[in-house]
Amino acid sequence: MSDTATAPPAPSNSSLRAFLRGLPGVDEVGARARAQDLSTRSVKTTAKAHAIDLAISMVDLTTLEGADTVGKVRALCAKAALPDPADRTVPRVGAVCVYPDMVATAVAALDGTGIGVASVATAFPAGRAPLEVKLADTARAVADGASEIDMVIDRGAFLAGDYLKVFEEVVAVKQACGGAHLKVILETGELATLDNVRRASHLAMLAGADFVKTSTGKVSPAATAPVVLVMLEAVRDH
């Protein structure tokens with residue numbers, strides 16, 4: 001799965017289709033076996049403690065519920081800033097992730113901590129909204145202080161083969177992010193095959209994604225080991 005391809009010079013639906021469908025196919029049986037093999041390995045002694053601390057420092061501490069309140073978001077931010085009052089060596093998370101309307105609350109609560117605020121803009125989790133709505137959602141979150149934006153791709157367009165629509169939406173949202181990082185969620189549980197996971201990963205990166213993510217957490221199955229393996233290999237090859 002290490003073969004690479006050259007990105008299309010001028011994206012069009014036909015050139016994107018040729019590029020994405022020209023990627024090497026994923027051996028699903030092999031990918032699952034490889035993921036299973038990796039899951040049996042362990043990290044030893046002090047390296048394990050370092051690995052855990054590193055993982056925590058990359059986590060987005062998240063609340064994405066319809067019942068979210070200002071008080072709940074402030075409490076989550078307090079936990080992010082001081083994970084364990086009895087042990088100040090416990091590392092802080094990378095960011096707190098909230099809906100766009102809660103960004104200002106989270107930014108104020110985290111002021112001076114160095115912890116970023118991520119926001120799920122672009123009509124999360126379905127992504128079913130006109131592009132202008134997604135861009136307004138993104139612009140509002142960035143204006144309120146979000147340092148990271150999480151968008152979801154249009155899975156319907158992707159599965160229908162309208163790769164250009166997905167590409168152009170990612171490009172437009174990336175531009176609306178300004179200086180904020182863009183994390184593109186593929187919602188892999190709805191992509192059906194590992195070949196599609198590979199294609200969607202490459203498509204998001206071609207369009208300018210700073211990070212690719214597996215899922216919203218609202219669809220089952222969400223992240224799986226074979227999916228993560230294929231996405232990591234796509235990142236490597238890209």
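From the set of residues in region 171-190 that are within 21 Å of Val219 (Cα to Cα) and over 12 Å from the mean Cα position of the chain (by Cα), which is least open to solvent (accessible area, probe 1.4 Å)?
Restricting to residues being within 21 Å of Val219 (Cα to Cα) and over 12 Å from the mean Cα position of the chain (by Cα), the top hit is Gly189.
When you check Thr193 against the structure, is it within 17 Å of Arg236 (Cβ to Cβ) and surrounded by fewer than 24 Cβ atoms within 10 Å (Cβ to Cβ), yes or no? Give the steps one after another, and end with the answer.
On the way: within 17 Å of Arg236 (Cβ to Cβ): no; surrounded by fewer than 24 Cβ atoms within 10 Å (Cβ to Cβ): yes.
No.
Would you be able to tell me the number of residues in region 155-165 that are surrounded by fewer than 22 Cβ atoms within 10 Å (Cβ to Cβ), out of contact with any Ser or Thr (no Cβ under 8 Å at 6 or more places or on another chain) and not small (Gly, Ala, Ser)? Before the answer, list the steps.
Taking region 155-165 as the starting set, the residues that turn out to be surrounded by fewer than 22 Cβ atoms within 10 Å (Cβ to Cβ) are 156-157, 159-162, 164-165.
With the extra rule that they be out of contact with any Ser or Thr (no Cβ under 8 Å at 6 or more places or on another chain), the set shrinks to 156-157, 159-162, 165.
Narrowing further to those that are not small (Gly, Ala, Ser): 159, 162, 165.
Total meeting the criteria: 3.
Hey, Ala109 hits all of (1) touching a Lys or Arg at 6+ places or on another chain (Cβ under 6 Å); (2) crowded, with 18+ Cβ neighbours inside 10 Å; (3) closer than 30 Å to Leu194 by Cβ but one; which does it fall short on?
The failed condition is (3).
So, in region 80-107, how many residues would count as being outside any helix (DSSP H, G or I) and closer than 13 Å to Leu64 by Cα? It would help to see each step written out before you state the result.
Kept after step one, since they are outside any helix (DSSP H, G or I), are these residues of region 80-107: 82-99.
Keeping just the survivors that are closer than 13 Å to Leu64 by Cα gives 96-99.
Residues that pass the stated criteria total 4.
Does Ala126 fit the bill of being surrounded by fewer than 18 Cβ atoms within 10 Å (Cβ to Cβ), touching a strand residue (DSSP E or B) at 6+ places or on another chain (Cβ under 8 Å) and closer than 20 Å to Ser215 by Cα? Explain how you work it out, then say what you get.
Values: surrounded by fewer than 18 Cβ atoms within 10 Å (Cβ to Cβ): yes; touching a strand residue (DSSP E or B) at 6+ places or on another chain (Cβ under 8 Å): yes; closer than 20 Å to Ser215 by Cα: yes.
Considered against the rule, which asks whether it is surrounded by fewer than 18 Cβ atoms within 10 Å (Cβ to Cβ), touching a strand residue (DSSP E or B) at 6+ places or on another chain (Cβ under 8 Å) and closer than 20 Å to Ser215 by Cα, Ala126 comes out as yes.
What tally of residues in region 18-66 results from selecting those that are in a loop (DSSP other than H, G, I, E, B), modelled with pLDDT of 90 or more and open to solvent by 80 Å² or more (accessible area, probe 1.4 Å)? Before the answer, list the steps.
Step one: of region 18-66, the residues in a loop (DSSP other than H, G, I, E, B) are 22-27, 40-44, 58-59, 63-66.
Going one step further and asking which of them are modelled with pLDDT of 90 or more, we end up with 22-27, 58-59, 63-66.
Narrowing the set further to residues that are open to solvent by 80 Å² or more (accessible area, probe 1.4 Å) leaves 27, 58, 65-66.
Looking only at that region, the number is 4.
Looking at region 67-78, which of its residues are surrounded by 15 or more Cβ atoms within 10 Å (Cβ to Cβ) and either at pLDDT below 95 or of a type in the set (Val, Ile, Thr) (or both)?
Val73
The values are calculated or read from the model by the stated rules, or taken from the named source; none is laboratory data. All values reported here derive from a predicted model rather than from experimental measurement. We place every Cβ from the backbone using ideal geometry, glycine too, and count neighbours over all the protein chains shown. These accessible areas exclude ligands, DNA and RNA; they are computed on the full protein's heavy atoms, side chains included. Shrake-Rupley method; radii C 1.70, N 1.55, O 1.52, S 1.80 Å.
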